[in-house]
Amino acid sequence: MTTSIQSTALEPDRSLDGDALTLAQRFVRAMPVYGLVVLTLGLALLFSLLLPDTFPTLFNLRAILADKSVIALLALAATIPMITGKIDLTVGYGIVLWHILAISLQTKFGVPWPAAVLIVVLCAALFGMLNGLLVELAQIDSFIATLGTGTVIYAVAMWHSGGRQVVGELPEGFVGMAGGNLLGLPVGAFYVLAVSVALWLVTEFTPLGRALYVIGANPKAAQLNGIAVRKHVMGAFVASGALSGFAGVLLASRLQIGQASVGLEFLLPALVGAFLGSTTIRPGRVNVWGTLVGVAILAIGISGIQQFGGAFYVEPLFNGLTLLVSIGIAGWAQQRRNLSIKRRIAQRQLVDAAPANDPSPQAAGHAASH
């Protein structure tokens with residue numbers, strides 16, 4: 001669970017900065033933090049060299065952007081509560097109901113598509129509020145709470161669809177939400193970019209964003225400093241729910257069909273992208289651009305492997321291994337940081353004790369100066 005890894009786990013130890021560090025030492029320190037960006041670019045270059053006719057093409061780029069835009073939105077949705085130290089599994093379970101509901105409202109109940117989109121997003125936001133209430137008021141661990149509510153909403157999706165496909169004639173405006181192109185690229189990529197910029201501005205440059213990060217680092221300290229922890233955490237779940245609802249709308253627009261068997265496969269890559277986001281770009285912070293890098297490395301790696309003729313099980317295998325690696329990096333970095341802190345504390349204690357116990361002239365002079 002995310003609460004087992006401190007938000008400062010990967011943050012560089014500033015006390016080690018200085019001229020004493022060689023270039024090689026700085027490189028070694030930077031690789032656990034920024035290595036994922038280098039790896040992403042390296043994978044893209046490798047596959048471009050090995051598959052020059054298929055990988056470095058505009059067609060492949062469009063395919064990746066169209067295929068991964070929903071996952072990127074879900075990863076960003078998971079990132080919001082993760083900043084506060086919570087985890088939201090319903091980003092994967094909820095999209096099953098949201099994409100079915102977006103279609104059934106139009107085909108079965110005759111709701112205009114703009115109203116259907118608004119209803120789905122509002123329902124998803126209310127469901128996020130339910131998660132926030134369970135986590136903050138009922139004090140249920142976020143992993144357990146969202147696993148339970150996610151399973152329930154998945155059952156609701158199966159009940160609502162009757163286990164069958166939801167099909168019907170959809171308006172061109174709704175289909176164009178995810179099926180259109182802008183500047184030669186799938187429009188879904190621009191939704192991801194717009195949401196990313198908005199989240200980046202909020203989390204990095206507003207008091208709200210700073211409050212969320214403080215809560216994620218130390219909720220007790222945040223409360224002592226006057227931050228309304230409960231309100232902010234519940235708001236994070238509401239925002240996560242609304243964004244996952246919008247992702248469900250885009251999935252419905254893209255597939256033009258609703259079925260309960262679609263959606264759960266997005267859960268793991270969305271969480272992997274969010275977890276990887278805590279290991280790159282902003283050291284020690286779950287962050288927006290890091291999340292996009294995490295999604296990008298999954299997309300590039302899976303696309304390249306599949307073009308090499310990888311089997312059908314390659315994608316879940318790659319996602320699972322990447323998740324384990326990302327959590328392992330964060331845990332290893334946290335242990336190193338804890339050891340570094342303990343060493344600095346011990347050194348300071350020795351320095352403070354030296355004037356009183358060391359009879360040497362240097363210690364006497366130090367004591368006299370105090």
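The values are calculated or read from the model by the stated rules, or taken from the named source; none is laboratory data. Nothing here was measured: the structure is a model prediction, and the numbers come from that model. Cβ sites come from the backbone with ideal geometry, for glycine too, and all protein chains shown count toward neighbours. Accessible surface areas use protein heavy atoms only, side chains included; no ligands, DNA or RNA. Shrake-Rupley method; radii C 1.70, N 1.55, O 1.52, S 1.80 Å.
Structure notes:
- Fraction of accessible area attributable to carbon and sulfur, segment 57-129 (%, probe 1.4 Å): 77 percent
- FRET E, pair residue 133, residue 61, Förster distance 41 Å, beta-carbon r, rounded to 0.05: 0.45
- Cross-link partners of residue 220 among lysines, defined as those whose alpha carbon lies under 17 angstrom from its own and excluding same-chain residues fewer than eight positions apart: 86, 231.
- Table column - 3J(HN,Hα) (Hz), segment 58-68, Karplus curve with 6.51, -1.76, 1.60, x for Gly and Pro: 5, 4, 5, 4, 4, 5, 5, 5, 5, 6, 9
- The mean sequence separation of alpha-carbon pairs under 8 Å and at least six residues apart, normalised by the residue count of segment 147-278, gives a relative contact order of 38 percent.
- Full extension of the segment from residue 342 to residue 200, taken as 0.36 nm per residue of separation minus the current Cα-Cα distance, would add 47.8 nm.
- Surface composition of segment 191-243: carbon plus sulfur atoms contribute 70% of the solvent-accessible area (1.4 Å probe, protein chains only, all chains present).
- Residues in segment 141-184 that a label on residue 193 would reach, taking backbone N under 14 Å of a point 7 Å out along Cα→Cβ: 181-184
- Ranked by the mean number of other Cβ atoms within 10 Å of their residues, highest first, the peptides 224-231, 299-306, 126-133 come out as 126-133, 299-306, 224-231.
- Sorting the segments 64-75, 49-60 by their mean number of nearby beta carbons within 10 angstrom, highest to lowest, gives 64-75, 49-60.
- Efficiency of FRET between residue 119 and residue 185 - r from beta-carbon atoms, R0 35 angstrom, step 0.05: 0.75
- Gyration tensor verdict on segment 160-263 (Cα atoms; rounded if a/c is under 1.5, prolate if a/b is larger than b/c, oblate otherwise): oblate
- As a calculated quantity, the FRET efficiency between residue 230 and residue 53 at R0 = 51 Å, using C-beta atoms, amounts to about 0.35.
- Each residue was assigned an accessible area with a 1.4 Å probe, and for residue 113 the value is about 80 Å².
- Averaged over its residues, segment 86-208 has an accessible area of 47 Å² per residue, based on protein heavy atoms and a 1.4 Å probe.
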